[in-house]
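Asker: The structure's right below; bear with me while I get my questions together.
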Amino acid sequence: MLKRRTFFKLGLVGTAIGLTKPLEAGELIKQSFDSEPKRSTPIVISTWNHGLAANAEAWKVLENGGSAIDAVEKGVRVTEADLTNRSVGIGGMPDRDGHVTLDACIMDDKSRCGSVAFLEGIDHPISVARAVMEKTQHVMLVGEGARQFALDQGFQKIKTPIPEVNKQWKEWKKEQKELNKRPEINHENHDTIGMLAMDAHGNLSGACTTSGWAYKMHGRVGDSPIIGAGLFVDNEIGAACATGLGEAIIRIAGSHTVVELMRQGYSPMDACRLAVERIISKHDDLTNLQCCFLAIDKNGNVGAHSVYNGFNYALKMVSTEKMVDSPFNRNW
Ligand code: ASP
């Protein structure tokens, strides 16, 4: 039962923010009472159009009072399981040698994190990353070691590339041979899912999962499984994730940079913009150099920015479910 004093404070807060309408992000109910846990309005954001379906799944966790870490894991699993998705999970495109190698990481409100990279033939890399976080003393497992760990944990073995993707890769290989070309990574085929969520307790978590750039060199790992590059969460400040050319994002420790800029007082929007500007300043040639950041602060304010136009993100709150176009620095 609420104490009289607590009830009075709740009444004041309720009046101040107009509790007759559904709460939006940023409208934090500041319940800083004695021993009661803080309450907040949940929100989930994720990169690109595939974020809509992923957010819907994450929302089922959040609306039932579940944790942000469960929400982000469940959310991005939807994208990983979608066999029509060519940039995330086992339906993803292979490297130039025909191997689908998956990268993923996850980070919670206690700054615990787990990651897998260069993982082949296992479904749901995000859950393997979570198992690394929760069941080992390590943060990151890669390649055959990550695969062995996943199998020991009971994860399912999957044959990749799936037949449609294998056919596409064979055609690409033939074409490259005929043109006598050095294999090139495919700049159109990427699109990691990065997801950030705040739960009803005001706690933040994030997840990031990808098959990386199509036709990358065998062994290449991008930003997505690198804590601080593809994803970073600091529950006192905010969280950020990235998509785009991983090599450029790693060079500025992108997601960590965004969170540190928010720590300095920049809004999520400005923090993402400044990180993009830093990437631009470190490169002489911006051809095909698309990098995008998405961020949320501790009050549920959201922001994004990309080098080029075209980046969008999915947003889900109590009363809103929509795609939002990100601001950008230049047109393609
Ligand atoms: N960042 C991913 C990578 O470099 C790809 C992407 O998000 O577009 O592997």
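The values are calculated or read from the model by the stated rules, or taken from the named source; none is laboratory data. From a predicted model like this one, the values you see are computed outputs, not experimental measurements. Positions of Cβ are backbone-derived with ideal geometry, glycine not excepted, and every protein chain shown enters the neighbour counts. What goes into the accessible areas is simple: the full protein's heavy atoms, side chains included, and nothing from ligands, DNA or RNA. Shrake-Rupley method; radii C 1.70, N 1.55, O 1.52, S 1.80 Å.
Asker: For region 170-191, does any single residue satisfy the condition of being surrounded by 24 or more Cβ atoms within 10 Å (Cβ to Cβ) and within 16 Å of the ligand (Cβ to nearest atom)?
Answerer: Scanning region 170-191, I find at least one residue that is surrounded by 24 or more Cβ atoms within 10 Å (Cβ to Cβ) and within 16 Å of the ligand (Cβ to nearest atom), so the answer is yes.
Asker: So is residue 135 charged (D, E, K, R) and closer than 17 Å to residue 197 by Cβ or not?
Answerer: No: the conditions fail for residue 135.
Asker: Quick one: which residue in 266, 313 is more than 19 Å from the chain's Cα centre (by Cα), modelled with pLDDT of 95 or more and hydroxyl-bearing (Ser, Thr, Tyr)?
Answerer: 266
Asker: List every residue pair whose Cβ atoms lie under 7 Å apart, where the two residues are 6 or more positions apart in sequence or sit on different chains, the first residue falls within region 211-226 and is acidic (Asp, Glu), and the second residue, located anywhere, is outside any loop (DSSP other than H, G, I, E, B) and near the ligand (Cβ under 9 Å from one of its atoms).
Answerer: Cβ pairs passing all conditions: 223/242; 223/246; 223/249; 223/250.
Asker: For region 209-243: of the residues being aromatic (Phe, Trp, Tyr) and closer than 26 Å to residue 171 by Cβ, which is farthest from the ligand (Cβ to nearest atom)?
Answerer: 215
Asker: I've got another one for you. Restricting to region 252-280, and then to whatever is more than 16 Å from the ligand (Cβ to nearest atom), part of a loop (DSSP other than H, G, I, E, B) and more than 19 Å from residue 196 (Cα to Cα), can you tell me which residue is most open to solvent (accessible area, probe 1.4 Å)?
Answerer: Residue satisfying both the conditions and the ranking: 264.
Asker: All but one of (1) modelled with pLDDT of 95 or more; (2) open to solvent by 10 Å² or more (accessible area, probe 1.4 Å); (3) small (Gly, Ala, Ser) hold for residue 46, so report the exception by its number.
Answerer: Looking at each condition in turn, residue 46 falls short on (2).
Asker: Tell me yes or no: at least one residue of region 255-263 is touching a residue at least 40 places away in the same chain (Cβ under 8 Å) and of a type in the set (A, V, I, L, M).
Answerer: No: region 255-263 contains no residue that is touching a residue at least 40 places away in the same chain (Cβ under 8 Å) and of a type in the set (A, V, I, L, M).
Asker: Is it fair to say residue 156 is at pLDDT 95 or above, open to solvent by 40 Å² or more (accessible area, probe 1.4 Å), under 24 Å from residue 106 (Cα atoms) and not hydrophobic (A, V, I, L, M, F, W, C)?
Answerer: Taking the combined requirement at face value, the residue does not satisfy it.
Asker: Mind checking which residues of region 200-209 are touching a Ser or Thr at 6+ places or on another chain (Cβ under 6 Å) and buried (at least 24 other Cβ atoms within 10 Å of the Cβ)?
Answerer: 208
Asker: For region 51-87, which residues satisfy the criterion of being surrounded by fewer than 24 Cβ atoms within 10 Å (Cβ to Cβ) and in contact with a strand residue (DSSP E or B) (Cβ under 6 Å, 6 or more places away or on another chain)?
Answerer: 52, 59
Asker: Still on this structure: How many of the residues making up region 120-151 are open to solvent by 60 Å² or more (accessible area, probe 1.4 Å) and over 20 Å from residue 75 (Cα atoms)?
Answerer: Summing the residues that are open to solvent by 60 Å² or more (accessible area, probe 1.4 Å) and over 20 Å from residue 75 (Cα atoms) in region 120-151 gives 8.
Asker: Residues that are outside any strand (DSSP E or B) and either touching a residue at least 60 places away in the same chain (Cβ under 8 Å) or more than 13 Å from the ligand (Cβ to nearest atom) (or both): does region 244-251 have at least one?
Answerer: no
Asker: For region 101-119, give me the residue count where each residue is assigned to a loop (DSSP other than H, G, I, E, B), open to solvent by 10 Å² or more (accessible area, probe 1.4 Å) and in contact with a helix residue (DSSP H, G or I) (Cβ under 8 Å, 6 or more places away or on another chain).
Answerer: Looking only at that region, the number is 2.
Asker: Of all residues in region 225-243, which are open to solvent by less than 10 Å² (accessible area, probe 1.4 Å) and assigned to a strand (DSSP E or B)?
Answerer: 231, 233, 238, 239, 240, 241, 242, 243
Asker: List the strands (runs of 3 or more DSSP E) that sit entirely inside region 286-332 and contain at least 2 residues that are closer than 25 Å to residue 233 by Cβ and open to solvent by 60 Å² or more (accessible area, probe 1.4 Å).
Answerer: 321-325
Asker: Same structure again: Considering only region 41-60, state which residues are part of a helix (DSSP H, G or I) and in contact (Cβ under 8 Å) with a residue 40 or more places away in the chain.
Answerer: The answer is 51, 52, 54, 55, 56, 58, 59.
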